[in-house]
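In what follows, a single structure is set out as C-alpha cells and then discussed.
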Amino acid sequence: MQGMVEGGVRERDASGSPLSTAFGGPPPRAGEDLRGSLTANGSLADFIWFRTGGPAEWLVRPADIEDLAGLLKGLNPSTPVLPVGVGSNLIVRDGGVPGVVVRLPKAMAKVSVQDGCVRAGAGAMGITVASAARDAGIAGLEFLRGIPGTVGGAVRMNAGAYGRDVSDILVEATVVTRDGSVEVWPAEKLGFTYRHSDLPAGAVVVEAVFSGTPGDPAVIGAEMDRIAAEREASQPLRSRTGGSTFKNPEGHKAWALIDAAGCRGLTRGDAQVSEKHCNFLLNLGSASSAEIEALGEEVRDRVKAHSGVTLEWEIQRVGEHASPARLREGAGGGPALSTSDAAGDGGRPPLGPLPHAGGEA
Ligand SMILES: Cc1cc2nc3c(=O)[nH]c(=O)nc-3n(C[C@H](O)[C@H](O)[C@H](O)COP(=O)(O)OP(=O)(O)OC[C@H]3O[C@@H](n4cnc5c(N)ncnc54)[C@H](O)[C@@H]3O)c2cc1C
C-alpha cells in the first residue's frame, strides 16, 4: 500500500464551490510525505459507530510511528489534525472534518506482554488488551472488555467502567505530538480526570503500557464474561450509537436525570434516545449528525428544566456543520449500512461482533 492516494475530487457545496481547504500550505503528498495511505474526502461514516457525518478532508493511515511522525513534522502547523479510533464516542458533523484525520492501521494494533505489563499499539481494541492480560494472569484490566473502542481512544477519554478507568492501569503512553516528536509520557503527564485527559489537540497516542496485579486467568475470564453479559443486557450494543452521551454529573446518574425528564424514547428525525439505556442516542437508520446532536441538546434543555442540572457532553463532537442546502440534499446522512459493511476493515455490522480497529482480532 505504498503511497496510495484515493479520491481526489474535492467535495463541493450546494453552490458548486469546492469546500474550503484547511491547509495553510500544500496538502500532504503520498509517497513523498507518507508511506501509508492518504484519501481525499475519506469517509468516516463508513466506520464510526453512528454511521453518520461528513468526510475527512484527508484521511491518513500511516504505515508506522515514524511515518506518522514524519507526516506531522512536514504539515503546516496551522493544519488541524484529529486522531480517531473506531468512533465509539464520536459525532462527526455533517460538513466533515477539515485537515488531516489519522486512523491507525492494523500494524499499529499489536499487543504483547512484557515484564508483567501489557504493551498495546493504540489501534488495538480494549477487548484484545483485556484478553491478553487474562491469558498472562494479569488482573485489573477486565473493565476494558466492555469498552468497544481502541487503546488510543481509551487513553484520550480516560475510559472506564465498574469503578475503574485507564488512569488506574496506565503506566506510560507513547505520543506523537502535533509537531512530529515521538515522546514517552508517564501516566501522570496525561492529567487524567473523569473521562478526560490533558492530551493536547493534534497529538496522537500510538502505544500504551498497562499494568495490573497477578491473578488467576480463570477468575479474570469469568469477570470478563460477567461484564459482557451485563453489557448485553443493559446497553444497545448492536445499534448505531456513540456510547454514553453525557458525563455523570457529580452525585447523579445521567441516565436517571434523562429518564426523569421524560426523554426516554424521544426522537428527532431518525435519531432517538434509546429505550434500553437512555444515556445512549441512536441512529435508527437515516439520521444526520445534526439531528443526533440537536436531540442531545434537547435532552440537555429538558433535564436542565426538570432538575436544574446541566449535562456535559461526553461524546466528542468534531468537524463542521453542513450548510442547510447540503443537508437537504442528503449529504449528512452517511452511507446506508449493508451486510457487506460487516467485512470492512474496522467496520461494525448492525448485528454482529464488536468492531475491530485496523482489522485487529
Ligand atoms: C456500546 C458502547 C459502550 C460504551 N461503554 C463505555 C464505558 O463503559 N466506558 C467508557 O468510558 N466509554 C464507553 N463507551 C465510549 C467509547 O467506547 C470510549 O470512549 C472509547 O474509549 C472510545 O474509543 P474509540 O477508539 O472509539 O475513540 P473515538 O470515538 O474514535 O474517539 C474518541 C476521542 O478519542 C480521540 N482519539 C481516538 N484515538 C486516538 C489516538 N490514537 N490518539 C489520541 N486521541 C485519540 C479522538 O480524537 C476523540 O477525541 C462506549 C461506547 C459504546 C458505543
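The numbers here are math on the coordinates, done by the rules we state, and not lab data. All figures in this text were calculated on a predicted structure; none of them were measured in a lab. Because the Cβ atoms are built from the backbone with ideal geometry, glycine has one as well, and the counts that use them run over all protein chains shown.
A P(r) calculated from all alpha carbon pairs of the stretch 108-219, with 5 Å bins opening at zero, reads 2, 14, 25, 27, 19, 9, 3, 1, 0 percent.
Residue-wise HN-Hα couplings along the stretch 174-182, as the Karplus relation 6.51 cos²θ - 1.76 cosθ + 1.60 with θ = phi - 60° gives them from phi, are 8, 10, 9, 6, 4, 8, x, 7, 9 Hz; Gly and Pro carry x.
Model label sites at LYS276 and THR213, defined 7 Å from Cα along the beta-carbon direction, differ in position by 3.3 nm. With both labels modelled 7 Å from their Cα along Cα-to-Cβ, the GLU297 to GLU250 distance reads 2.8 nm. Between HIS321 and ASP198, what FRET efficiency comes out of the Förster formula 1/(1 + (r/R0)^6) with R0 = 41 Å and r the beta carbon distance, rounded to 0.05? Between ASP198 and HIS321 the formula returns 0.90.
How high is the FRET efficiency from ARG29 to ALA233, r the C-beta distance, R0 56 Å, rounded to 0.05?
Working from the Cβ atoms, E equals 0.65.
Contact order, relative form, for the stretch 50-169: 22 percent (alpha carbon pairs under 8 Å, 6 or more residues apart, mean separation divided by residue count).
Length available on full extension from LYS73 to VAL171: 0.36 nm per residue minus the Cα-Cα distance, which gives 32.6 nm. Here is the result for the stretch 87-180: no trypsin sites (Lys or Arg not before Pro) lie in DSSP coil with at most 11 other C-beta atoms within 10 angstrom of their C-beta.
Between GLU188 and ASP225, the simple label model (points 7 Å from Cα in the Cβ direction) yields a spacing of 4.1 nm. With K and R counted +1 and D and E -1, the other residues having a Cβ less than 12 Å from that of GLY296 yield a net charge of -3.
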